[in-house]
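What follows is a single structure, written as structure tokens, with notes after it.
The values are calculated or read from the model by the stated rules, or taken from the named source; none is laboratory data. All of these numbers come straight from a predicted model, not from anything done at the bench. Because the Cβ atoms are built from the backbone with ideal geometry, glycine has one as well, and the counts that use them run over all protein chains shown. Protein only, heavy atoms only, side chains kept; ligands, DNA and RNA dropped before computing areas. Shrake-Rupley method; radii C 1.70, N 1.55, O 1.52, S 1.80 Å.
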Amino acid sequence: MAEKFDVIVVGAGPSGNAAALRLAESGLSVLQIERGESPGTKNVQGAILYSDALERLIPDFREDAPLERHIIEQRMWVLDDESYIGSHFRSDHFNKEPYNRYTMIRSQFDKWFSERVQKAGALLICETTVSELLLDGKRVVGVRTDREGGEIYADAVILADGVNSLLAKRAGFHPELEPKDVALAVKEIHFMPQEQVEQRFNVKGEEGVVIEMAGKITNGMMGTGFLYTNRESITVGVGCMLSDFKKQKITPYELLEKMKAHPSIKPMLEGGEMKEYTAHLIPEGGYKAMPDLYGDGWMIVGDAGMFVNAVHREGSNLAMTTGMHAADTLVELRQEEKDFTADNLKRYKAKLDESFVMKDLKKYKNMPDVFHSNPQFFNDYPELLSEAARTMLTVDGVDKKTKEKQIGKSFRKRRSMFGLASDAFKFWRAME
Ligand SMILES: Cc1cc2nc3c(=O)[nH]c(=O)nc-3n(C[C@H](O)[C@H](O)[C@H](O)COP(=O)(O)OP(=O)(O)OC[C@H]3O[C@@H](n4cnc5c(N)ncnc54)[C@H](O)[C@@H]3O)c2cc1C
């Protein structure tokens, strides 16, 4: 334990595994510390895996990674209490190798990823919690663990410890997470025979479907729901901002029960056996809520750095990409015989700025503020859209021009002309 490593990576989720893999492959000595019994036991995800990020790290991952189904169809649903209005995009393009997105089960995936990391030469110790960072002045020089004599030293520490990032908070690098910047998500996995999944979603073999949902399923809170097809199971979940849960008198569990009882969702789950229920936080504060990402001897990657694109439900790919860039920065500096000072580590931020990670987070920087203060997007508009579709599709002897007028009137009555114009502007601002 008195040994010194080039780098200590705290956490064996996607961000930590990506960093440790890259460092070990480049010949640096790496110690990875994970508090779970094994990698994946503490982790929760929907889960969609985006191939691109993993492919950059492990080009042959498809050969043995535990993948469920490749996604050929994406549905987007806006729901009121009894209907949904939606768009479906299904393409044979997504049915050709190499597949772009897969469903997967995180506990299996993290274990597999970690085996690759260990094969590359990183040393992993599990069932060990890093309790604090060791500092020499402002410089991080190692970590203290909950094991006896558990002080371990390194030239750099990568914080890949997930959304709470207690270590960075304790060291004063990271402010306390605000409830408005973090979502609480719950999910269940319902098992059923493979043929049943395939019949219900009109897929065969390893094809899969994703349904992303918004609207009244979140009770007016800022959040979304999801339903993903696995090989022999369906994952269903919902997540909303913690600040909204605090205001509303509904628990996440009740919200999920309500969502599962929705007439458009219930038939898809019928007969399934629920075998797994998990809850986890998701850092959704976006660009404006990001902490400092590096300092003397330390870097933050993945959820610990607020790297989640909530609009597109991307997190694991940002985690892997930030882990990869953090590792590449250290490898380059070592090759150039430069120290891991804050001034040198700013190269990590420059790499992120150049990548899709920061570009996407910057693009949606206004989204959290806009949706927090405008619950009409989750309540009024789903109802209005449903009502409009119902009105137009009900054949009742009323002419279509009159129906259009009725729809226009119901929108104006609910939101006013000014309200509609200002909502359109706000929506554009959130997505600009
Ligand atoms: C319900 C839900 C659905 C999601 N769906 C998707 C999806 O479909 N697609 C997608 O791309 N993303 C999704 N995400 C987001 C995604 O799961 C995260 O962005 C991703 O897991 C972040 O990876 P990470 O390695 O940064 O953190 P984590 O996966 O949280 O890993 C952190 C690791 O650090 C360990 N750790 C923490 N503290 C310590 C400590 N002090 N000492 C030692 N070990 C420690 C933990 O045990 C854990 O293993 C979802 C998240 C949730 C909650």
Subject >> Count - residues of region 152-174 that are more than 14 Å from the ligand (Cβ to nearest atom) and of a type in the set (Asp, Glu) >> reply: 1
Subject >> Only one of ALA279, ALA327, ALA350 that is assigned to a helix (DSSP H, G or I) and either closer than 18 Å to PHE173 by Cα or within 16 Å of the ligand (Cβ to nearest atom) (or both) >> reply: ALA327
**OP:** Check off (1) among the aromatic types (Phe, Trp, Tyr); (2) in contact with a strand residue (DSSP E or B) (Cβ under 6 Å, 6 or more places away or on another chain); (3) within 13 Å of the ligand (Cβ to nearest atom) for PHE307 and give me the number that stays unchecked.
**Re:** (2)
Original post:
When region 227-241 is examined, which residues are found to be touching a residue at least 60 places away in the same chain (Cβ under 8 Å) and surrounded by fewer than 20 Cβ atoms within 10 Å (Cβ to Cβ)?
Top reply: ARG231
Original post:
Restricting attention to region 6-18, does a residue exist that is farther than 19 Å from ILE158 by Cβ, modelled with pLDDT of 95 or more, open to solvent by less than 40 Å² (accessible area, probe 1.4 Å) and more than 6 Å from the ligand (Cβ to nearest atom)?
Top reply: no
Subject >> Leading residue by the ranking (nearest to the chain's Cα centre (by Cα)) among those in region 253-298 that are on the phi > 0 side of the Ramachandran plot and open to solvent by less than 40 Å² (accessible area, probe 1.4 Å) >> reply: GLY286
**OP:** Considering only region 74-101, state which residues are of a type in the set (A, V, I, L, M, F, W, C) and more than 14 Å from LEU227 (Cα to Cα).
**Re:** ILE85, PHE89, PHE94
**OP:** All but one of (1) closer than 30 Å to VAL236 by Cβ; (2) within 16 Å of the ligand (Cβ to nearest atom) hold for GLU132, so report the exception by its number.
**Re:** (1)
**OP:** From (1) within 14 Å of the ligand (Cβ to nearest atom); (2) at pLDDT 95 or above, pick out the condition that doesn't hold for GLU63.
**Re:** (1)
Subject >> Leading residue by the ranking (surrounded by the most Cβ atoms within 10 Å (Cβ to Cβ)) among those in region 83-102 that are within 17 Å of PHE61 (Cα to Cα) and not basic (Lys, Arg) >> reply: TYR102
